[in-house]
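Undergrad: Okay, here's the structure, questions in a sec.
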Amino acid sequence: MPIIKKSINCAIQAMGLVAVATLGVSCSDAVTTEPQVASVATTQPQLSVQLWSVKDAVSEDFEGTLRSIAAMGFNGVEFAGNFGPFADDPQGLLVFLNELGLKASGAHVPFDKFTAENFDSTVAFYQDIDCHYLIIPMDKRAFTVEGAKVVAAELADLQEKLAPLGMRIGYHNHKPEMEGELGHTPWDVIGKNTNDQVILQQDVGWTEVAGKDPVVMVKAYPGRTVTTHYKASAPEPGNPEDPIIGQDTTDWKALITANKTYGGTQWLVVEQESYPEGMTPMESVEASVKGLQKIISEME
């Protein structure tokens, strides 16, 4: 296998990469060789936006907001619980999305929507809008290693129930899940205690605020970053990062490459939670997607 930079491999080795253990290579081998990811097919991710980014606009004018999003060049939208006039009409929502040329790239769905009394109706709604990736947006239990074990068990159980339906569960990180020693963070607990069908939806902004490299995190769990949040600046007090993609310091080209070659990534989901002074959330999202589109075009 090809040689890669020792520093990257050390980080991956520290994460306890499953492929390395499976191959039975020695510690010294793990430091000088790439992880085995031949089973991860190269992808060409599409662009989506997490609708929480423009939640006020969605509440005020759902249909007009989605029309504007489609005009920005997005291929999809990730829902966050607000379906406007289609809350009880998923078939109508699918027709509307099709008219705009948008797909449901996924949805943020809290655990309480998967209780015994809610499971069937929740799943039916998302099936009707052709949405296959259901992501737990946050669970404070996962802020600690011990709590993350419980969350991982619940995710594993849900994935077993969703698999026959052609759907997948996932988990989305904030800062606390990424804190701690590489390989032993709450995020790692979730990754290592669920199978490879459970999506690890990394939020780049929060990963970086926690002091971790998002590229390393993608490579640590090959094929599991099916959707990922591209956020230039997490809303952390005192965070000096520019909130517009392309005007910040993230190495987006390296991350896009990792997503495409290691992550199995289908969707790059722009999420905006910080907004430059004088810019509306819609204007900020448009600036970020234009920045991302420019980066992608430079790589072609």
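Bear in mind these aren't lab numbers, they're just calculated from the coordinates by the rules spelled out. A quick note: this is a predicted structure, and the numbers were derived from the prediction, not measured. With ideal geometry, Cβ positions are generated from the backbone for all residues, glycine too; neighbour counts draw on all protein chains shown.
Undergrad: Where the centroid of each part is defined by its Cα atoms, how far is the stretch 87-151 from the stretch 196-218 in Å?
TA: What the calculation gives is 20 Å, centre to centre.
Undergrad: Here's a follow-up. Which pairs break 26 Å Cα to Cα here: Lys212/Lys253; Lys103/Lys294; Lys103/Lys149; Lys55/Lys192?
TA: In this structure, Lys103/Lys149; Lys55/Lys192 lie more than 26 Å apart at Cα.
Undergrad: What does the charge dipole of the stretch 81-179 about its Cα centre add up to, to the nearest 20 debye, if the Cβ of each Lys and Arg holds +1 and the Cβ of each Asp and Glu holds -1?
TA: Here the size comes out at about 300 debye.
Undergrad: Find out how many positive minus negative residues lie around Phe111, taking Lys and Arg as positive, Asp and Glu as negative, among other residues whose Cβ is under 12 Å from that of Phe111.
TA: -1
Undergrad: Can you put Phe96, Phe74 in order of Cβ neighbours within 10 angstrom, beginning with the fewest? It would help to have the intermediate numbers written out before the result.
TA: On the way: Phe96 20, Phe74 24.
So the ranking, lowest neighbour count to highest, is Phe96, Phe74.
Undergrad: Rounded if a/c is under 1.5, else prolate if a/b beats b/c, else oblate: with a ≥ b ≥ c from the C-alpha gyration tensor eigenvalues square-rooted, which is the stretch 51-166?
TA: Prolate.
Undergrad: How far is helix 90-100 tilted off the main Cα axis of the chain, in degrees rounded to 10, range 0 to 90?
TA: Here the helix axis deviates by roughly 80 degrees.
Undergrad: Next up: Tell me, in nm to one decimal, what length is gained between Asn98 and Asn75 on full extension, where the rule is 0.36 nm per residue of separation less the Cα-Cα distance? All intermediate terms of the calculation are to be shown ahead of the outcome.
TA: Working: separation 23, 0.36 × 23 = 8.28 nm, distance 1.07 nm.
Result: 7.2 nm gained on full extension.
Undergrad: Can you grab the distance from the C-alpha centre of the stretch 238-277 to the C-alpha centre of the stretch 153-169, Å, no decimals?
TA: Each part reduced to its Cα centre gives a spacing of 28 Å.
Undergrad: Projecting each Cα onto the charge dipole of the chain (Lys/Arg +1, Asp/Glu -1 at the beta carbon, about the Cα centre), which of Gln247, Ser121, Ser68 comes out farthest on the positive side?
TA: Gln247
Undergrad: List the GluC sites (Glu not before Pro) within the stretch 85-149 that fall in a DSSP loop (any state other than H, G, I, E or B) and whose Cβ has at most 14 other Cβ atoms within 10 Å.
TA: Working: sites: Glu99, Glu117, Glu146; in loops: Glu117.
Here the sparse-neighbourhood loop sites are Glu117.
Undergrad: Got a sec to turn the phi values of the stretch 71-80 into Karplus ³J(HN,Hα) couplings, 6.51 cos²θ - 1.76 cosθ + 1.60 with θ = phi - 60°, whole Hz, x for Gly and Pro?
TA: 5, 6, x, 6, 9, x, 9, 10, 7, 9
Undergrad: When all C-alpha to C-alpha distances in the chain are sorted into bins of 10 Å, what percent of pairs does each bin hold, rounded to whole numbers?
TA: Bins of 10 Å from zero give 6, 28, 36, 23, 6, 1 percent of pairs.
Undergrad: Between Gln44 and Asn195, take the C-beta separation as r, use R0 = 30 Å, and let me know the FRET efficiency to the nearest 0.05.
TA: Efficiency for this residue pair is about 0.75.
Undergrad: Which angle from 0 to 90°, rounded to the nearest 10, does the C-alpha axis of helix 145-162 make with the longest principal axis of the chain?
TA: For helix 145-162, the angle is close to 60 degrees.
Undergrad: For the stretch 121-201, what does the relative contact order come out to in percent, with C-alpha contacts under 8 Å and a separation of six or more?
TA: Details: 115 pairs, mean separation 29.0, N = 81.
Here the relative contact order equals 36 percent.
Undergrad: Now for a separate question. Under unit Cβ charges (Lys, Arg +1; Asp, Glu -1), what dipole magnitude, rounded to 20 debye, does the chain have relative to its Cα centre?
TA: 980 debye
Undergrad: Is the stretch 104-162 best put as rounded, prolate or oblate by its Cα gyration tensor, with a ≥ b ≥ c the root eigenvalues, rounded for a/c under 1.5, and otherwise prolate when a/b is larger than b/c, oblate when not? Before the final figure, lay out the partial values.
TA: Details: a/c = 2.31, a/b = 1.81, b/c = 1.28.
Note, shape of the stretch 104-162 comes out prolate.
Undergrad: In deg cm²/dmol and to the nearest 500, what is the mean residue ellipticity at 222 nm of the chain if only DSSP H runs of at least 4 residues count, each as -39500 (n - 2.57), divided by the residue total?
TA: -11500 deg cm²/dmol
Undergrad: Moving on to the next point. What nm distance separates the two modelled labels at Lys253 and Gln91, each placed 7 Å from Cα along Cα→Cβ?
TA: Using points 7 Å along Cα→Cβ, the separation is 5.0 nm.
Undergrad: Can you work out the base-10 log of I(q)/I(0) for the stretch 249-300 at q = 0.15, 0.18, 0.20, 0.31 1/Å, using the Debye formula on its C-alpha atoms alone?
TA: Scattering profile of the stretch 249-300, log10 relative to I(0): -0.48, -0.66, -0.78, -1.24.
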